[in-house]
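For reference, the structure discussed in these notes is given below.
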Amino acid sequence: MQGIINYIKDNEFRINILKNRINIVNYLELLSMEEDKILITSNIGKITIKGNNLSVTKLLNKELLVVGNITNIEIGD
């Protein structure tokens, strides 16, 4: 039961990098979305995702999924 409670109350920022996909959990704000660049803020700073044909295919309150040809990820201010 404690595992379920921890899952529900999870507030830790995470980035899962997969082939042509990036899953981001517990982000703060989606700042901009363009075909070649997506900007997101988190508790560790600004996340910049660069590439081609980028799109957000899942957009939830605290989770999003970016797909496309990802060429670069920058984390920090």
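Observations on the structure shown:
- Residues within segment 20-32 that are within 14 Å of ILE70 (Cβ to Cβ) and open to solvent by 30 Å² or more (accessible area, probe 1.4 Å), tallied: 2
- Yes/no for SER32 being among the hydroxyl-bearing types (Ser, Thr, Tyr) and modelled with pLDDT of 95 or more: yes
- Flag set for ASN53, criterion: touching an Asp or Glu at 6+ places or on another chain (Cβ under 7 Å), surrounded by fewer than 12 Cβ atoms within 10 Å (Cβ to Cβ) and at pLDDT 95 or above.
The values are calculated or read from the model by the stated rules, or taken from the named source; none is laboratory data. Keep in mind that this is a model prediction, so the values were computed, not measured. As a convention, Cβ positions derive from the backbone with ideal geometry for all residues, glycine included, and neighbour counts pool all protein chains shown. The accessibility values were calculated without ligands, DNA or RNA, using every heavy atom of the protein model including side chains. Shrake-Rupley method; radii C 1.70, N 1.55, O 1.52, S 1.80 Å.
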